Amino acid sequence: MKNKNRYMPLLMAVCIVIGILIGTFYANHLSGNRLSIINSSGNKLNTLLQIVNDQYVDTVNVDSLVEGAMPQILSELDPHSVYISAKDVQTANDDLRGSFSGVGIEFTIRQDTIHVQNVITNGPSERAGLLAGDKIVSIDDQPFVGKIVTNEEAMHRLKGPKDTKVKLGIIRYGEKKVKYFTITRGEIPVKSISATYMLDDKTGYIRIKNFGENTYSEMLIALGTLSQENFSNLVIDLRGNTGGYLASAVKIANEFLPKNSLIVYTMGRKSPRQEYKSDGHGAYQRIPLVILIDEGSASASEILAGAIQDNDRGTIIGRRSFGKGLVQQPLSFADGSMIRLTIARYYTPSGRCIQKPYTSGSDRDYETDLMTRYQHGEYFSQDSIKHTGPAYHTLIEQRTVYGGGGITPDIFVPEDTLGMTSYYKEAAMTGLILQFAYSYTDDHRSTLNNYKDAKSMAAYLQKQNTVELFATYAEKNGLKRRNLLIQKSHKLLERYINSRIIYNMMSEQAWTEYLNADDPVIMTTLKLFRENKAFPKKTDDKKDRKVAMNYDYRGTHAKTTLVAHA
């Protein structure tokens with residue numbers, strides 16, 4: 001009995017060692033070595049934070065340290081895996097969600113003051129009596145002017161839960177006394193489709209800004225509206241559309257493709273191949289179709305354009321798209337923050353991934369790619385397009401298409417430098433044109449209200465010599481007057497200035513109609529329809545796939561980044 005007790009500790013030690021060995025064996029072989037690495041690295045990060053919190057020379061806000069580290073960690077993966085802090089999640093989701101809770105205005109900030117640019121029809125602010133041109137100077141009886149006024153802070157104060165109230169102090173044009181309005185916040189729709197109208201008696205036009213939750217239903221309404229006008233050709237404008245939900249792009253593609261057509265498929269290391277095919281129920285499977293794209297068209301825009309191009313269903317016109325072929329999955333944390341993690345790549349029906357090249361970590365070349373394209377002349381010459389991926393072929397006509405860097409259009413319409421001067425560039429880049437357009441709008445609202453459509457207002461503005469008025473305004477605000485350059489850029493300046501005034505007074509649709517009236521991309525599209533060439537055919541003659549046209553796009557179709565919603 002004594003001998004047994006003497007060997008008992010040794011026996012227990014041997015059993016523990018054997019248990020550890022067995023456990024290690026199964027951990028390595030069943031879970032994989034990667035799990036052990038992740039666990040040990042996670043422990044290392046936790047240990048580092050504990051050491052800093054306990055022993056660092058100064059007091060450290062560990063939460064702030066983590067907030068700063070999260071974006072850096074994700075940036076080491078790819079350009080599109082991102083961290084979104086809790087305070088920014090709502091803003092990041094609002095455009096795609098289809099609505100938000102707020103007061104229902106579009107505003108811009110000028111001279112440290114909120115200026116109401118538009119009041120949303122039937123929204124809370126319109127019901128309360130706010131007007132375009134009003135200046136908000138207080139919120140809930142607290143002054144809100146000066147350096148504190150930023151887009152982020154303004155939206156934070158104006159947005160809020162549905163049915164809550166906010167009190168606004170307003171200075172109205174021509175009045176000195178502050179007027180007060182109490183507004184009950186409500187659900188404000190965010191539209192993905194900003195324009196629907198007829199380009200001519202046969203051709204319908206739809207402009208999609210992004211792909212959100214409600215884009216497909218908006219598309220059906222738009223198509224129904226055009227049906228009442230008896231359209232027989234269709235243009236879908238995706239220029240500047242940075243993407244959104246894959247599902248919305250798939251549903252829209254389904255409307256135009258015959259049954260069992262592959263629309264897109266996704267695949268990743270932990271994501272098995274998933275195919276999206278048409279169900280044959282689309283109501284517009286045979287209508288002549290053109291898709292417009294440019295370097296600002298990305299992600300879901302490229303899914304729709306790629307599906308139409310690879311299935312030889314319609315013609316793509318414009319310039320090469322952005323080149324984003326990575327799929328992000330949103331993952332939320334308990335504190336309300338979230339990450340969008342890349343989990344797969346998407347591939348067009350021919351098998352090409354249109355993601356442009358990138359390197360892990362901070363990739364300066366990726367960030368400046370669009371500028372590099374411009375400098376290399378790609379916006380002006382189709383021959384300057386550099387294809388970084390292999391060649392593929394469309395499914396029916398066997399036309400050559402390329403992966404590895406966006407969707408290359410079937411018909412290329414270049415940007416032109418005619419009329420582009422250093423004066424115009426400075427006027428546009430400094431925001432002086434936007435500032436002048438708003439000041440002009442504010443000073444002439446009573447007259448401009450007499451014009452009910454873009455065409456009549458454009459005719460009126462053309463007689464007002466807005467370019468000369470702008471040059472005087474710009475000189476007072478630091479832009480030296482240069483008459484020869486102003487004359488050379490006169491058409492561009494007039495187009496940009498007048499388009500912004502029309503936008504301020506009317507709507508995004510009116511703005512779009514004005515710009516499209518002399519847009520060479522639109523002219524090219526209408527010519528294609530007249531020649532019955534919307535359905536692409538294989539050709540060996542490269543000249544048939546080029547269109548040499550003068551076209552300037554900068555500053556006119558630019559996104560309205562200085563306008564916010566609340």
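Taking every DSSP beta bridge with both residues inside the chain, roughly what % is antiparallel (nearest 5)?
On the way: 51 of 68 bridges.
Antiparallel bridges make up about 75 percent of those DSSP assigns within the chain.
What residue among Leu65, Val145, Thr315 has its Cα farthest toward the positive end of the dipole of the chain, where the charges are +1 on Lys, Arg and -1 on Asp, Glu, each on the Cβ?
Leu65
Taking every alpha carbon pair in segment 67-218, what does the distance histogram look like in 10 angstrom bins from 0, in percent?
Histogram of Cα-Cα distances, whole percents per bin: 10, 31, 30, 20, 8, 1.
Roughly how far apart, in whole Å, are the Cα centres of segment 466-489 and segment 134-181?
For segment 466-489 versus segment 134-181, the Cα centre distance is 34 Å.
State the answer as a single residue: which of Gly204, Ala86, Gln117 lies farthest towards the positive end of the charge dipole of the chain, with beta carbon charges of +1 for Lys and Arg and -1 for Asp and Glu, about the Cα centre.
Sorting the options by dipole projection puts first Ala86.
Quick one: pull the percent of accessible area on segment 169-268 belonging to carbon and sulfur, 1.4 Å probe, ligands and nucleic acids left out.
Values: 2140 of 4230 Å².
So the carbon and sulfur contribution to the accessible surface is 51 percent.
Rounded to whole Å, give me the distance from the Cα center of segment 222-251 to that of segment 330-355.
One Cα centre to the other: 24 Å.
Aspartates and glutamates near Lys538 by alpha-carbon distance under 13 Å, same-chain residues fewer than 8 away left out - which ones?
Asp310, Asp312, Glu397, Asp410
Just want to confirm a number: the relative contact order over the chain, from Cα pairs under 8 angstrom separated by 6+ residues, in percent. Present the calculation step by step, with values, prior to reporting the outcome.
Numbers: 1016 pairs, mean separation 73.0, N = 566.
After rounding, I find 13 percent.
If I model a spin label at Val60 and Gln487 as a point 7 Å from the Cα along the Cα→Cβ vector, what separation in nanometres do I get?
6.6 nm
For His565, what accessible area in Å² do you get when you roll a 1.4 Å probe over the heavy atoms of the protein chains, rounding to the nearest 10?
Ignoring ligands and nucleic acids, His565 comes out at about 70 Å².
With the cut-off at 1.5 for a/c, could you classify segment 287-382 from its C-alpha gyration tensor as rounded, prolate or oblate?
Details: a/c = 2.31, a/b = 1.32, b/c = 1.75.
Taking the square roots of the gyration eigenvalues as a ≥ b ≥ c, segment 287-382 is oblate.
In terms of the Cα gyration tensor, with a ≥ b ≥ c the square roots of its eigenvalues, is segment 340-428 rounded because a/c is under 1.5, prolate because a/b exceeds b/c, or oblate?
Working: a/c = 2.76, a/b = 1.38, b/c = 2.00.
In terms of gyration-tensor shape, oblate.
What is the packing order of peptides 221-228, 207-214, 506-513, taking the mean over residues of other C-beta atoms within 10 Å and listing the highest first?
Working: 221-228: 14.9, 207-214: 23.2, 506-513: 19.9.
So the order, starting with the most tightly packed, is 207-214, 506-513, 221-228.
Placing unit charges on C-beta atoms (Lys and Arg positive, Asp and Glu negative, everything else neutral), compute the dipole magnitude of segment 362-446 about its Cα centre in debye, rounded to 20. Provide the component values of the computation, followed by the final result.
Working: 6 positive and 13 negative charges, 9 e Å.
Result for segment 362-446 is approximately 40 debye, rounded to the nearest 20.
Using a simple charge model, +1 on the beta-carbon of Lys and Arg, -1 on the beta-carbon of Asp and Glu, nothing else, what dipole does the chain show about its Cα centre, in debye to the nearest 20? Mind dumping the intermediate values first?
Values: 69 positive and 61 negative charges, 132 e Å.
Dipole about the Cα centre, nearest 20: 640 debye.
Calculate, for Phe333 and Lys480, the FRET efficiency according to 1/(1 + (r/R0)^6) with r their C-beta to C-beta distance and R0 51 Å; round to the nearest 0.05. Could the numbers behind the result be given before it?
Numbers: r = 51 Å, r/R0 = 1.01.
Efficiency at R0 = 51 Å is approximately 0.50.
If packing is taken as the average count of other Cβ atoms within 10 Å, what order do 338-349, 461-472 fall into, highest mean first? Before the final figure, lay out each step's value.
Working: 338-349: 20.3, 461-472: 15.6.
Ranking, from highest mean packing down: 338-349, 461-472.
Placing unit charges on C-beta atoms (Lys and Arg positive, Asp and Glu negative, everything else neutral), compute the dipole magnitude of segment 269-425 about its Cα centre in debye, rounded to 20.
Details: 18 positive and 18 negative charges, 94 e Å.
About 460 debye.
Cα-based Rg (one decimal) and Dmax (whole number) for the chain, in Å?
Calculated on Cα positions, Rg and Dmax stand at 28.5, 115 Å.
Leaving out ligands and nucleic acids, note down the accessible area per residue over segment 78-158 with a 1.4 angstrom probe, in whole Å². All intermediate terms of the calculation are to be shown ahead of the outcome.
On the way: 3620 Å² over 81 residues.
Here the residues of segment 78-158 average 45 Å² of exposed surface.
Which values, in whole Å and largest first, are the semi-axes of the equivalent ellipsoid of segment 224-319 obtained as the square root of 5 times each eigenvalue of the Cα gyration tensor?
After diagonalising the Cα gyration tensor, the semi-axes are 23, 17, 11 Å.
Where the convex hull is taken over the Cα atoms of segment 392-529, what is its projected area averaged over directions, in nm²? Each step should come with its number before you reach the end.
Details: hull surface 45.1 nm².
The Cα convex hull of segment 392-529, projected and averaged over all directions, gives 11.3 nm².
Rank by packing, highest mean first: peptides 318-325, 120-127, with packing defined as the count of other Cβ atoms within 10 Å averaged across residues. Please list the in-between numbers first.
Details: 318-325: 26.6, 120-127: 17.2.
Packing proxy ranking, top to bottom: 318-325, 120-127.
Of Pro161, Ser278, Ala222, which is farthest along the charge dipole of the chain in the positive direction, counting Lys and Arg as +1 and Asp and Glu as -1 at C-beta?
Checking the options against the dipole of the chain, the answer is Ser278.
For the chain, what does -39500 (n - 2.57) per DSSP helix run (n ≥ 4), summed and divided by total residues, give at 222 nm, in deg cm²/dmol to the nearest 500? Walk me through the numbers before you get to the answer.
Working: 20 runs with 217 residues, N = 566.
Theoretical 222 nm ellipticity from helices: -11500 deg cm²/dmol.
The values are calculated or read from the model by the stated rules, or taken from the named source; none is laboratory data. Computed from a prediction, not measured in an experiment: that's the story for all the values here. Quick reminder, even Gly has a Cβ in these numbers, built from the backbone with ideal geometry, and neighbours come from all protein chains shown. Heads up: the accessible areas ignore ligands, DNA and RNA and are worked out on the full protein's heavy atoms, side chains in. Shrake-Rupley method; radii C 1.70, N 1.55, O 1.52, S 1.80 Å.
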